[in-house]
Amino acid sequence: ELVGWGALKQLSADHAELKSMRTASAHVRKGVARVILRHIESAARAKGIQRISLETGPHAPFAAAQKLYASEGFVECGPFANYVPDPYSLFMTKALV
């Protein structure tokens, strides 16, 4: 049974973007997202990645995701890669070193 998934895109030798994370609706609020996030971070470290950044929504529907990322050490930052500032994006980053 698939309970969740996530994707990581390598941007450079030491920087990657957390592209997507989802938890199957039957498993929401069971800690699945935290386990996936920690697994992705572990895999990134093994590849020599030193920083993970992400883009999420700044509005209420994304509050749970923002809370999860902040609780795992992500902090708000400016746009990265090819992103530009816009009212529908919140950017966060975390140093893995």
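Odds and ends about this structure:
- Among the residues of segment 11-42, none is identified as in a strand (DSSP E or B) and loosely packed, with under 11 Cβ neighbours inside 10 Å.
- Selection of first residues in segment 83-97 that are open to solvent by less than 30 Å² (accessible area, probe 1.4 Å) and of second residues that are modelled with pLDDT under 95 and polar (S, T, N, Q), restricted to Cβ pairs under 8 Å at least 6 apart or on distinct chains, gives an empty result.
- Residue count for segment 51-97, restricted to those that are assigned to a strand (DSSP E or B) and of a type in the set (Gly, Ala, Ser): 2
The values are calculated or read from the model by the stated rules, or taken from the named source; none is laboratory data. Values in this document were obtained by computation on a predicted structure and should not be read as measured data. In this analysis, Cβ positions are derived from the backbone assuming ideal geometry, glycine residues included, and neighbour counts consider all displayed protein chains. Ligands, DNA and RNA are excluded from the accessible area calculation, which covers all protein heavy atoms including side chains. Shrake-Rupley method; radii C 1.70, N 1.55, O 1.52, S 1.80 Å.
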